[in-house]
Structures are given as C-alpha cells and as structure tokens.
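J.: Sharing a structure below in structure tokens format, with a few things to ask.
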Amino acid sequence: MSLSPQLAFAQAVRLPEDVPESVTVAGTKSQEVFRGFVRSFATANRLTGKMARWESGICPTTVGLKPEFANFISQHVKDIARQVGAPVSDRENCTPNIAVVFTTAPQELLDSIRDLQPGLLGYFDNTDQRNRLATVTHPIQGWYMSATQDVRGKTQIDTPKTAGIGLEIPCEFCPGGHAYLPNATAYDTTGTRLGDGLRSEFYNVIIVADRNKLATYEIGPLADYVALLALTQVTSLDTCQQLPSIVNMLAGRCDEKSEVLTVNDKAYLRALYKAASDQTLGIQQNQVAYQMEQELKGH
C-alpha cells in the first residue's frame with residue numbers, strides 16, 4: 001500500500017523531552033477487578049475466538065507528520081513493545097507491518113483501502129461487513145489483519161477466501177463418497193478442550209489518526225495511544241475503563257482521563273505477551289488478569 005505523507009501536524013504539537021509513566025492506580029484491587037478490565041479490554045479473534053498478539057517482529061512506519069514527529073511515534077511504538085515483551089524487528093530496512101497515518105481525510109483513505117486492498121481491513125464475510133469495517137468512527141482507530149498459526153507452525157492469513165484448492169472430505173451419502181468444500185481451510189490442532197494449539201497473531205495493522213480532531217493534543221499522548229492500538233486490539237474505544245487507562249483519553253465523558261500509558265495499560269500488555277497464546281479465551285483472560293494482579297500488588 002502506497003501512502004503519501006500529509007501536511008505537517010499542528011504547530012502547537014511539540015516533541016516531549018520525556019514521556020512520563022503513569023503511576024495513577026485505583027487503591028486495592030481484587031482479581032475480579034482485573035478480570036473485568038481484561039474482559040472489557042481484549043477483543044477475541046473472529047476465527048479462533050482468542051486474543052491476538054504479535055508473534056513476529058513489529059516494524060512500524062508513520063506518515064502524515066513532520067519527519068521528527070513521525071520518527072518519534074514509530075520509535076515510541078518500538079520502545080513500548082520492548083518494554084512489554086512484544087517482538088520487534090531488528091532489521092534496519094524491515095518491511096513495515098504497522099502503518100500509522102495522520103490525515104485530514106481519514107474516511108477517503110479508508111474508502112480507498114476498501115476498494116483497492118480490502119484485506120487490510122481485517123476479516124469480513126460479506127460486502128456489508130466490509131463496508132462497516134471501513135467506516136471511520138474515532139479520532140484514532142486501528143484495523144487489524146490477522147493470521148492463524150497451527151500446532152505445526154503453519155500460518156494462514158485469516159480470510160474467507162480460499163488460498164488453495166479447497167478441501168475434499170469423506171461423505172458416506174455424497175456422490176463418489178466425498179464432498180468438496182471450496183472455502184474450507186485445514187489446520188492441525190491438538191484436539192483438547194483446554195487449548196486446540198491454534199494461535200492468533202497480527203499480520204498487518206493500520207492506525208489512522210484524524211488530524212482535524214487531534215490538533216489540541218501533544219505528541220506524547222498521541223504516541224502512547226498509538227502504541228497501545230499497535231500492540232493490542234481493544235474491544236471498544238468508547239468504553240470508560242474501570243481502571244485508569246489511556247483509552248479513556250478519547251472515550252468521551254469518562255470520570256478519569258489519562259494522557260499517558262498507565263501502569264494498568266503496561267501491565268495488561270506485559271501479561272498479554274506472557275500468556276499462553278494457544279489456550280482458550282477464558283484461560284487467556286484469567287492468565288492476563290492474574291499476571292496484572294501480581295505485577296500491580298501494592299499500587
């Protein structure tokens with residue numbers, strides 16, 4: 001995808017000398033509080049029903065800002081990734097798999113992606129779902145192209161389109177004793193109820209920021225918000241999180257706002273990248289909640 005840089009960001013926006021880490025947390029928290037946070041925070045992948053994360057090294061690129069701002073955001077995403085244990089590409093000329101685009105015409109950009117490269121929007125089954133996916137609804141928003149890795153390490157991009165010739169399966173009552181499934185995809189699994197061995201991973205992420213709606217924000221909060229969306233897919237950007245989170249910065253009328261990644265956000269990301277990615281969603285959520293509780297004891 002070729003994306004041309006836009007005009008410079010608002011002159012009022014400036015590079016911070018240092019982006020502080022939030023130490024604002026809510027009193028004593030039980031594991032139920034963390035479980036509630038995790039359930040409202042994490043999106044289940046459409047195909048596997050699991051939490052997706054990066055399994056290969058991230059390589060972010062940012063366009064639409066002055067070079068110093070663009071470089072700051074891309075580097076910040078990599079810095080946060082390293083802090084939370086997410087993989088980062090060590091290749092100097094890596095192929096970007098995270099595109100951060102600041103633009104004054106976000107819907108026009110998404111219309112172009114929808115028409116020319118709709119697979120970048122993420123998984124959809126039909127035209128109506130594709131069109132809904134391509135709708136810009138927030139000042140900063142992410143689109144996630146995912147893939148599924150089976151127990152043998154074979155990775156397939158999540159798409160309803162058949163990558164090969166389809167599948168032929170035995171069928172006692174079918175002509176010739178078999179049935180042909182043109183849109184089926186085969187995965188090798190463990191066959192257990194605790195975890196089937198399938199892993200959901202991000203393949204490509206596009207994050208679009210509407211410069212018209214973000215001119216009053218400094219680059220530090222924007223970089224933190226982008227970093228969160230680059231490393232995890234949030235269920236709702238409109239929900240006021242019960243624990244302090246940078247998601248609340250743009251979530252409307254939240255009682256408590258935060259313009260930095262909070263200790264809760266970072267603990268969540270660290271727990272996500274420690275959790276067993278081949279387990280069921282419930283097990284993953286419990287693992288993330290437990291790890292958050294252990295890390296944040298005493299805050």
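J.: Looking at this structure, is VAL136 assigned to a loop (DSSP other than H, G, I, E, B), surrounded by fewer than 19 Cβ atoms within 10 Å (Cβ to Cβ) and modelled with pLDDT of 95 or more?
T.: In short, yes.
J.: Anything in the stretch 199-228 that is of a type in the set (Gly, Ala, Ser) and in contact with a Phe, Trp or Tyr (Cβ under 6 Å, 6 or more places away or on another chain)? List them, or say none.
T.: Taking the stretch 199-228 as the starting set, the residues that turn out to be of a type in the set (Gly, Ala, Ser) are 200, 209, 215, 220, 223, 227.
Across the stretch 199-228, the qualifying residue is only ALA209.
J.: GLU32 is checked against (1) farther than 17 Å from LYS266 by Cα; (2) at pLDDT below 55 and fails just one. What number does that condition carry?
T.: It is condition (2) that GLU32 fails.
J.: If you don't mind, there's one more thing I want to ask. Regarding the stretch 213-227, can at least one residue be identified that is part of a loop (DSSP other than H, G, I, E, B), modelled with pLDDT under 95 and within 21 Å of the chain's Cα centre (by Cα)?
T.: No: zero hits.
J.: If you don't mind, there's one more thing I want to ask. Step by step: first the residues of the stretch 92-133, then only those that are in contact with a strand residue (DSSP E or B) (Cβ under 8 Å, 6 or more places away or on another chain) and assigned to a loop (DSSP other than H, G, I, E, B), then the one that is surrounded by the most Cβ atoms within 10 Å (Cβ to Cβ). Which residue is that?
T.: Looking at residues that are in contact with a strand residue (DSSP E or B) (Cβ under 8 Å, 6 or more places away or on another chain) and assigned to a loop (DSSP other than H, G, I, E, B), I get GLY122.
J.: If you take the residues in the stretch 72-91 that are buried (at least 16 other Cβ atoms within 10 Å of the Cβ) and assigned to a loop (DSSP other than H, G, I, E, B), which one is farthest from the chain's Cα centre (by Cα)?
T.: For the stretch 72-91, the residue satisfying everything is SER89.
J.: State whether the residues of the stretch 257-277 include one that is of a type in the set (A, V, I, L, M, F, W, C), farther than 22 Å from ALA81 by Cβ and either part of a loop (DSSP other than H, G, I, E, B) or touching a residue at least 12 places away in the same chain (Cβ under 8 Å) (or both).
T.: No; the residues of the stretch 257-277 include none that is of a type in the set (A, V, I, L, M, F, W, C), farther than 22 Å from ALA81 by Cβ and either part of a loop (DSSP other than H, G, I, E, B) or touching a residue at least 12 places away in the same chain (Cβ under 8 Å) (or both).
J.: Continuing with the same structure: Please go through (1) assigned to a strand (DSSP E or B); (2) modelled with pLDDT of 90 or more for MET249 and return the number of the only condition it doesn't satisfy.
T.: It fails just one condition, (1).
J.: Is it true that SER112 is at pLDDT below 90 and of a type in the set (Ser, Thr, Tyr)?
T.: no
The values are calculated or read from the model by the stated rules, or taken from the named source; none is laboratory data. Everything quoted here is computed from the prediction, not taken from an experiment. All Cβ positions, glycine included, derive from the backbone under ideal geometry; neighbour counts span all protein chains shown.
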